[in-house]
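The values are calculated or read from the model by the stated rules, or taken from the named source; none is laboratory data. Predicted, not measured: the structure shown is a model, and the values here were computed from it. Quick reminder, even Gly has a Cβ in these numbers, built from the backbone with ideal geometry, and neighbours come from all protein chains shown.
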Amino acid sequence: MRLSTRLALWVGLTVPLVVLALGALLVGLVGHDLRAQQNTRLRSVSAALKPDVQNVLNADLNGRPLVARARDRQVLSAALDAGVVVRDGQGQVVLDGGPRPDASVTLPQPSGKPVSVPGFRAVGVDVGGRAGGTLWVFSPDSSVSTQLATVRTNVLLAALLAAPLAGLLTLALARRATRSLRTLSARAAALDPRAGADAFRHPRSGVFEVDELAGALGTVLARYDEQAARTGEALETARAFASAASHELRTPLMSMQTNLDVLAAHPDLPAGERGEVVTDLRVEHARLLELLTALRTLARGDLVEADAFTEVDLGEIVDSCVAAVGRARPEASLRFSGGYGVRVRAWEPGLKILVTNLLTNATVHGHLPGRGAHVEVAMAVLGQEAVLTVDDWGPGIPPARRAEVFERFVRGAESPGSGLGLTLVAQQAALHGGTVTISDAPGGTGTRFTVRLPLSGTPFAEPTQRNWLTQTLQLRHL
């Protein structure tokens, strides 16, 4: 059922009830007013007749019947359409006329106040004077009842007419009011699902609820487009993961296959040579695991959602990463100078990956042959940014090669890594709205990595690049 039809039915049912309720109130008020007018008229008539009634009773008492009859006519004429009953001091009816109750009806003691008797409203007063007696003036209840019946009939007629008129009027108004809603419905029904939110353009109708519904529909479509895009990114990341894994794993797998063939073909291989082959297998196996772990971590960074970001203490994370890398590489010396309380909005696992990979890279490559690695880690706040620096005293990185070290699978000839460690650093820096740069360490020897991250509460734009497994990396360098 259409909304306009529902409104018409509800109004068509409600308006007659409202009319009847107001009619009942109106009948009560009219009845009260009519009773008050009737009472007022009875009092005024009784007050006007009282002197004439006294004359009638006095004339009767003095034995002057002709005068009494003349007074009777005068009293009845003055009463107009009201009923009159006059009794003398002994209770005998001296005069009666007009509409009045039957003589068998017992009247109360006259008090001058309006009272109800069967079929009438009456006022009784003591005439007083030498003759004494009472005067009763009556007004039929039918006069009031007739007028109330007329009001009731009019109310019922108004209620019967209000039902169809209110329903038809409401139907016309509701159809006009819901025209913008029907337009919105037609526009939404004609929307091409492949076009998405950009194809949905609803001009303002001036009706708040319709415009609000259009805005909500646009938001839903935008979220659908966003989720569809994220699903596409996830599929592209899965394809890139499979492609990169198949490409990069081919060499270590072939090397492992060769070593396994040697062991299988030469079961009597000398112990020394067998040990070398087994060692090569272990190295290739470790590299294989590291590569798979790095690819999985890179894919996680591509798919991380905004609700995974929380406010964290950068100092605590750096301190824990320094301790973890120090335990894993006891031959290296790592020192952290900084403090706690530097708050950033971050995906905590990704931030740990960034710091850990920087420290691991410094301990592996940041030392001269025959010397242990010495790494200095510092943290400061500059403006609205947290600045993290990692310094080593290794051979350094030539300026011409500083851009390519962040690219995928780029590693030195002697590097034992997968070539993805610094790619992960660049990915996480971008995801957190920051930058990573390379420069010479203080003193001109070694390398300094500088990471800048916005402090918590500082807005930053989400990076446009979300597929680090397939896209060419673009970085800003200082």
*Could you look through segment 254-285, keep only residues that are among the charged types (D, E, K, R) and assigned to a helix (DSSP H, G or I), and pick out the one that is surrounded by the most Cβ atoms within 10 Å (Cβ to Cβ)?*
Glu284
*In segment 162-180, what count of residues is obtained for those that are within 19 Å of Leu20 (Cβ to Cβ) and either buried (at least 16 other Cβ atoms within 10 Å of the Cβ) or in the same structural domain as Leu49 (by TED's automatic domain parsing) (or both)?*
5
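Does Val85 satisfy being within 14 Å of Thr134 (Cα to Cα), at pLDDT below 75 and crowded, with 18+ Cβ neighbours inside 10 Å? I'd like the intermediate steps shown before the answer.
On the way: within 14 Å of Thr134 (Cα to Cα): yes; at pLDDT below 75: no; crowded, with 18+ Cβ neighbours inside 10 Å: yes.
No; evaluated as a whole, the condition is false for this residue.
The rows are residues; the columns are (1) farther than 30 Å from Arg152 by Cβ; (2) touching a helix residue (DSSP H, G or I) at 6+ places or on another chain (Cβ under 6 Å); (3) modelled with pLDDT under 85.
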{"position": "Val15", "(1), (2), (3)": "no, yes, yes"}
{"position": "Asp33", "(1), (2), (3)": "no, no, no"}
{"position": "Lys50", "(1), (2), (3)": "yes, no, yes"}
{"position": "Leu61", "(1), (2), (3)": "yes, no, yes"}
{"position": "Arg71", "(1), (2), (3)": "yes, yes, yes"}
{"position": "Gln90", "(1), (2), (3)": "yes, no, yes"}
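Would you confirm, using the coordinates I've provided, whether Val344 is free of Cβ contacts under 8 Å to residues at least 60 places away in the same chain and either touching a strand residue (DSSP E or B) at 6+ places or on another chain (Cβ under 7 Å) or part of a helix (DSSP H, G or I) (or both)? Full working, then the answer.
On the way: free of Cβ contacts under 8 Å to residues at least 60 places away in the same chain: no; either touching a strand residue (DSSP E or B) at 6+ places or on another chain (Cβ under 7 Å) or part of a helix (DSSP H, G or I) (or both): yes.
No.
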*Does segment 143-165 contain at least one residue that is touching a Ser or Thr at 6+ places or on another chain (Cβ under 6 Å) and within 30 Å of Val53 (Cβ to Cβ)?*
no
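For (1) of a type in the set (Phe, Trp, Tyr); (2) in the same structural domain as Ala229 (by TED's automatic domain parsing); (3) part of a loop (DSSP other than H, G, I, E, B); (4) at pLDDT 85 or above, each residue gets a yes or a no:
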residue	(1), (2), (3), (4)
Val312	no, no, no, yes
Val318	no, no, no, yes
Pro330	no, no, yes, yes
Phe336	yes, no, no, yes
Tyr340	yes, no, yes, no
Leu351	no, no, no, yes
Gly372	no, no, yes, no
Met379	no, no, no, yes
*asked:* The conditions are (1) at pLDDT below 85; (2) part of a helix (DSSP H, G or I), and Ala429 fails exactly one of them. Which is it?
replied: (1)
*Quick one: would you say Thr146 is part of a helix (DSSP H, G or I) and assigned by TED's automatic domain parsing to the domain that holds Gly31?*
yes
*Please determine, by comparing only the residues of segment 363-387 that are touching a residue at least 60 places away in the same chain (Cβ under 8 Å) and touching a helix residue (DSSP H, G or I) at 6+ places or on another chain (Cβ under 9 Å), which one is surrounded by the most Cβ atoms within 10 Å (Cβ to Cβ).*
Ala386
